[in-house]
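Engineer: What follows is a single structure, and I will ask about it in a moment.
The values are calculated or read from the model by the stated rules, or taken from the named source; none is laboratory data. Given the structure is predicted, the values throughout are model-derived calculations rather than measurements. For neighbour counting, all protein chains shown are included, and Cβ atoms are generated from backbone atoms with ideal geometry for every residue, glycine included.
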Amino acid sequence: MTLCPRRIAACLLMTAISLGCKKVGTPSPPPPPVTPPTPVWDVNAYRGVWLTNVASAALDSRDNIKLAIDNCKKGGINHVFVVVYNAARTLYPSAVMQNLIGIPIMERFAGRDPLKEVIEEGHAAGLKVHAWFEYGFSSSYSQNGGPILVAKPQWAARDFNGALTVKNGFDWLNAFHPEVQQYMINLFKEVVTKYDIDGVQGDDRLPAVPSSSGYDAYTTTLYRAERGTDPPPSSSEPNWVAWRAGKLNAFLKRLRNEVKAIKPNVLVTMSPSPYPFSLNEYLQDWPVWVDSAWVDAVFPQCYRYDLPAYSAVLSQQAAVLRGSKASICYPGVLVKSGTYVATDGFLTQMIQVNRSNGFKGEAFFFYEGLKDRISFFQGQYPYIK
């Protein structure tokens with residue numbers, strides 16, 4: 001079939017007109033810009049994490065420390081609590097420990113200074129770094145007191161039967177003995193003096209000692225001199241509990257004053273057991289610490305594995321805080337322990353409960369759990385109300 005030239009020309013003209021219309025037509029509007037959501041957390045509140053050498057390689061090299069700090073920054077953390085004392089060792093070169101046991105730093109870190117490295121990397125990332133004295137008045141774990149009591153046997157805490165005080169595997173120093181108290185204060189002052197640290201922290205072992213202790217010769221003599229009688233055989237007798245808790249309160253007040261005398265801006269924080277368990281089991285009357293302004297912040301260890309238990313312990317803590325004092329309390333949240341890692345859903349629920357109880361921030365135990373749940377900390381944590 002032969003096409004008419006006139007018809008071919010008409011088709012070409014229509015095609016040209018069609019193409020021209022497309023060329024000069026109005027383009028589709030661009031999609032609106034995507035506005036990232038705004039975090040709902042209080043930017044001034046603590047969002048902390050504990051960084052330890054136990055079940056973690058985070059402190060084993062400078063590169064590992066850089067990675068840990070980077071993950072903390074990505075996860076919205078603004079305060080890092082790095083271990084500086086556990087298992088009768090320091091994680092920095094210590095003259096105090098050299099003089100006491102002849103070992104200046106944990107053997108694993110010989111030739112390095114992990115504390116200095118964490119401070120430098122943390123500050124470069126804009127994070128606050130706190131020195132966490134994890135073992136506190138505990139001398140060792142299942143070592144019959146370890147090297148400290150080999151050097152200073154008179155420092156041992158004793159129960160009613162005269163045996164070394166041991167609780168949950170931890171061996172204890174006598175927290176009431178003036179030499180033991182001075183030793184611990186010397187460690188704190190050494191760190192505050194030598195390092196550009198933002199804070200120092202004790203936990204459920206500082207100031208603390210099991211309530212079964214206090215029956216050593218020094219403490220019983222002191223009690224007899226002040227009360228005119230021997231300590232009662234029952235370690236839970238209320239007046240005996242109150243007297244010993246008062247001695248730990250006095251120690252904390254002194255510790256705070258001596259730290260602040262060196263560097264007034266260094267924060268003094270504590271992470272005790274939840275109240276009233278803290279008082280009954282470890283003589284930690286921490287609501288008094290808060291009411292007396294002996295701490296700049298407190299992080300009760302509300303470590304639980306289900307929401308009803310977590311909500312219950314959190315309500316207990318909220319009940320003992322008076323008015324504005326709640327503003328310096330931040331719950332300790334368990335992310336990881338052994339093979340357990342909290343799910344994203346459970347983490348969300350715990351933080352929601354924190355907010356509904358008026359707590360504006362929290363601290364997470366511990367870094368390895370944050371690393372395992374980094375997508376949660378980056379993608380969900382900032383927006384939980």
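Engineer: Considering only residues that are more than 21 Å from Ala312 (Cα to Cα) and of a type in the set (Phe, Trp, Tyr), look in region 342-385 and name the one that is nearest to the chain's Cα centre (by Cα).
Structural biologist: Phe366
Engineer: Now for a different question. When you look at Glu179, is it under 20 Å from His79 (Cα atoms), of a type in the set (Asp, Glu) and at pLDDT 95 or above, yes or no?
Structural biologist: Criteria not met by Glu179.
Engineer: List the residue pairs whose Cβ atoms are under 6 Å apart, where the first residue sits in region 147-172 and is farther than 17 Å from Leu206 by Cα and in contact (Cβ under 8 Å) with a residue 12 or more places away in the chain, the second is of a type in the set (Val, Ile, Thr) and buried (at least 21 other Cβ atoms within 10 Å of the Cβ), and the two are 6 or more positions apart or on different chains.
Structural biologist: Every condition considered, the pairs that remain are Asp159/Thr165.
Engineer: Would it be correct to say that Val200 is surrounded by 23 or more Cβ atoms within 10 Å (Cβ to Cβ), over 25 Å from Pro231 (Cβ atoms) and modelled with pLDDT of 95 or more?
Structural biologist: Spelling it out, Val200 is indeed surrounded by 23 or more Cβ atoms within 10 Å (Cβ to Cβ), over 25 Å from Pro231 (Cβ atoms) and modelled with pLDDT of 95 or more.
Engineer: Tell me the residue from Leu13, Leu19, Leu100, Leu67 that is among the aliphatic types (A, V, I, L, M), out of contact with any helix residue (DSSP H, G or I) (no Cβ under 7 Å at 6 or more places or on another chain), at pLDDT 95 or above and part of a helix (DSSP H, G or I), please.
Structural biologist: On the way: Leu13 fails: at pLDDT 95 or above; Leu19 fails: at pLDDT 95 or above; Leu100 fails: out of contact with any helix residue (DSSP H, G or I) (no Cβ under 7 Å at 6 or more places or on another chain).
Among Leu13, Leu19, Leu100, Leu67, only Leu67 is among the aliphatic types (A, V, I, L, M), out of contact with any helix residue (DSSP H, G or I) (no Cβ under 7 Å at 6 or more places or on another chain), at pLDDT 95 or above and part of a helix (DSSP H, G or I).
Engineer: Is it the case that region 363-374 has a residue that's in contact with a Cys (Cβ under 6 Å, 6 or more places away or on another chain) and surrounded by 15 or more Cβ atoms within 10 Å (Cβ to Cβ)? Break it down into steps so the answer makes sense when it comes.
Structural biologist: First, the residues of region 363-374 that are in contact with a Cys (Cβ under 6 Å, 6 or more places away or on another chain): none.
No, there is no match, as no residue in region 363-374 is in contact with a Cys (Cβ under 6 Å, 6 or more places away or on another chain) and surrounded by 15 or more Cβ atoms within 10 Å (Cβ to Cβ).
Engineer: Identify all residues within region 37-88 that are surrounded by fewer than 24 Cβ atoms within 10 Å (Cβ to Cβ), within 17 Å of Phe133 (Cβ to Cβ) and not hydroxyl-bearing (Ser, Thr, Tyr); write none if there are none.
Structural biologist: Asn53, Val54, Asn86, Ala87
Engineer: Surrounded by 19 or more Cβ atoms within 10 Å (Cβ to Cβ), on the phi < 0 side of the Ramachandran plot and without any contact (Cβ under 8 Å) to a residue 60 or more places away in the chain: does that describe Pro300?
Structural biologist: Spelling it out, Pro300 is indeed surrounded by 19 or more Cβ atoms within 10 Å (Cβ to Cβ), on the phi < 0 side of the Ramachandran plot and without any contact (Cβ under 8 Å) to a residue 60 or more places away in the chain.
Engineer: Which one of the conditions (1) crowded, with 20+ Cβ neighbours inside 10 Å; (2) out of contact with any helix residue (DSSP H, G or I) (no Cβ under 8 Å at 6 or more places or on another chain); (3) under 22 Å from Leu255 (Cα atoms); (4) not β-branched (Val, Ile, Thr) does Ala293 fail to meet, given that it meets all the rest?
Structural biologist: Every condition holds for Ala293 apart from (1).
Engineer: Can you name the condition, by its number, that Gln316 falls short on among (1) over 27 Å from Val54 (Cα atoms); (2) in contact with a Phe, Trp or Tyr (Cβ under 9 Å, 6 or more places away or on another chain); (3) assigned to a loop (DSSP other than H, G, I, E, B); (4) not basic (Lys, Arg)?
Structural biologist: Unmet for Gln316, out of (1) over 27 Å from Val54 (Cα atoms); (2) in contact with a Phe, Trp or Tyr (Cβ under 9 Å, 6 or more places away or on another chain); (3) assigned to a loop (DSSP other than H, G, I, E, B); (4) not basic (Lys, Arg): (3).
Engineer: Shifting gears a bit: Test Ala125 against the criterion of being small (Gly, Ala, Ser) and free of Cβ contacts under 8 Å to residues at least 24 places away in the same chain, and give yes or no.
Structural biologist: For Ala125, the condition - small (Gly, Ala, Ser) and free of Cβ contacts under 8 Å to residues at least 24 places away in the same chain - is not met.
Engineer: Please pick out the residue among Leu334, Leu347 that is free of Cβ contacts under 8 Å to residues at least 40 places away in the same chain and either under 29 Å from Arg256 (Cβ atoms) or charged (D, E, K, R) (or both).
Structural biologist: Every option except Leu334 fails the conditions.
Engineer: Got at least one residue in region 212-225 being of a type in the set (D, E, K, R), touching a residue at least 24 places away in the same chain (Cβ under 8 Å), assigned to a helix (DSSP H, G or I) and over 16 Å from Val288 (Cβ atoms)?
Structural biologist: Within region 212-225, not a single residue is of a type in the set (D, E, K, R), touching a residue at least 24 places away in the same chain (Cβ under 8 Å), assigned to a helix (DSSP H, G or I) and over 16 Å from Val288 (Cβ atoms).
Yes/no per residue for (1) within 30 Å of Asn161 (Cβ to Cβ); (2) part of a helix (DSSP H, G or I); (3) without any contact (Cβ under 8 Å) to a residue 24 or more places away in the chain:
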position	(1), (2), (3)
Ser236	yes, no, no
Trp240	yes, yes, no
Trp243	yes, yes, yes
Arg254	no, yes, no
Lys260	no, yes, yes
Ser273	yes, no, no
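Engineer: Select from region 322-341 the residues that are more than 20 Å from the chain's Cα centre (by Cα) and either polar (S, T, N, Q) or in a loop (DSSP other than H, G, I, E, B) (or both) and list them in ascending order.
Structural biologist: Of everything in region 322-341, those that are more than 20 Å from the chain's Cα centre (by Cα) and either polar (S, T, N, Q) or in a loop (DSSP other than H, G, I, E, B) (or both) turn out to be Arg322, Ser324.
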